[in-house]
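See structure below.
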Amino acid sequence: MKAVKIKELNKKFSEIENWKTKPHQREIENLEDLYLAIKQKDIVAICGSPLAGKTTLLYEFAANRKIKLDEKSALIAVRSDPVETLLGLNDFFQSNLKLFIEMLIHDEFISTEDELIETINNVIAEHQVNTIYIDDFNGCMYQKSFTNFWNKVSELNSQKELTFVLTADISRALELRGGDSKPRFLSDIESPEIEKVATKIYSLYRPENYGFPCDENGNDITNKIQIEVMKNKGGKVGNSLDYELRFPRFID
C-alpha cells in the first residue's frame with residue numbers, strides 16, 4: 001500500500017516537472033496556460049494585425065503575472081494612447097489601475113530603434129526588473145530592419161537573464177493574399193528577426209475583421225480571437241485557444 005502511494009506521488013511530481021520544463025506539451029485550456037508558460041530568459045512575441053488585440057493580451061499577461069507571480073516588471077508603451085484607451089474601456093484594467101501605473105515606465109512616442117534601446121537601458125539602470133513588456137514594438141517605427149534592437153535584446157537576455165514580451169505586427173501581405181487572411185507561417189510576421197530571436201511566438205487572429213462573423217457551423221464568433229502557438233522553443237507548437245473579448249471592441 002505504501003509503495004502504491006509513493007508511486008502515485010512520484011507520478012504526480014513527474015507531471016508537475018514535465019509541465020515546468022516542457023510548456024505546451026498539453027492542450028491549451030485557458031489564457032493562464034499561455035502566460036504562466038513564459039519562463040526566465042524567454043523572448044515572447046505576440047503578433048497580429050491591427051485591431052487583433054495584441055495590446056490587450058500583452059497587458060493581460062503583464063497584470064496577471066504581476067498579481068500571481070509577484071513579477072518585477074516594467075511596461076514600455078511606444079505610444080501613449082493604447083494605455084489610456086484600455087484603462088477607459090475594460091473593468092479588468094480599471095480595477096488594476098494602480099498596478100499599471102506602477103509598471104508603466106515610458107509612454108511617450110518612440111520613433112527610432114535607437115530611442116527604444118536607450119529607453120530599455122534606462123529602465124534596467126533605474127529599476128530592478130526581470131521582465132520587460134514592450135507594447136507596439138514596430139507599429140510606430142518606420143523601419144523594416146531592427147537588427148541593433150534584437151542584438152541588444154539578445155545581449156540583455158543572455159547577460160542579465162531578462163525576459164522580454166512584446167507585441168509585433170503581422171505582414172499586410174496576408175490581406176493581399178485573399179481568403180481568410182489568417183497567419184499560418186512564421187514568415188507572415190512583419191519583422192523577420194523575430195522568427196530567429198523569439199523563443200515563443202503567439203499569433204492572434206480575429207475572423208470578424210475579415211468578414212467572418214460566424215464559424216463553419218454558423219456559430220457567432222463576434223468578439224472572439226484565435227491565439228495560436230506558432231513557435232515554442234523546447235515545447236509543442238500548433239496548439240490554439242479561442243478567447244472571448246471582455247468588451248465589444250479590441251483597441252490596438
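The values are calculated or read from the model by the stated rules, or taken from the named source; none is laboratory data. Remember, predicted model here, so these are calculated numbers, not experimental data. As a convention, Cβ positions derive from the backbone with ideal geometry for all residues, glycine included, and neighbour counts pool all protein chains shown. Side chains are part of the model used for accessible areas, which takes the heavy atoms of the whole protein and leaves out ligands, DNA and RNA. Shrake-Rupley method; radii C 1.70, N 1.55, O 1.52, S 1.80 Å.
With each label modelled as a point 7 angstrom along the Cα→C-beta vector, the VAL237-PHE185 pair spans 1.2 nm. With the convex hull drawn around the C-alpha atoms of segment 145-190, the volume per residue stands at 86 Å³. What residues from segment 32-61 fall in the zone where the backbone N is under 19 Å from a label point 7 Å along the Cα-to-C-beta line of GLN159? In segment 32-61, the label zone of GLN159 (backbone N under 19 Å from the point 7 Å along Cα→Cβ) covers 41-43.
Hey, how many Å between the Cα centroid of segment 223-237 and the Cα centroid of segment 154-176? Going from one Cα centre to the other spans 14 Å.
Would you mind checking LYS98/LYS233; LYS98/LYS236; LYS72/LYS231; LYS66/LYS196; LYS160/LYS224 for any pair whose Cα atoms are more than 30 angstrom apart? Mind showing how you got there, number by number?
Values: LYS98/LYS233 34 Å; LYS98/LYS236 36 Å; LYS72/LYS231 25 Å; LYS66/LYS196 28 Å; LYS160/LYS224 37 Å.
Among LYS98/LYS233; LYS98/LYS236; LYS72/LYS231; LYS66/LYS196; LYS160/LYS224, the Cα-Cα distance tops 30 Å for LYS98/LYS233; LYS98/LYS236; LYS160/LYS224.
Counting only protein chain heavy atoms and rolling a 1.4 Å probe, the accessible areas of GLU155, GLU216, GLU71 rank, largest first, as GLU216, GLU155, GLU71. At each listed q (0.24 Å⁻¹), what is the log10 of I(q)/I(0) that the Debye formula gives for segment 109-201 modelled as equal alpha-carbon point scatterers? Debye curve over Cα of segment 109-201, log10 I(q)/I(0) at q = 0.24 Å⁻¹: -1.36.
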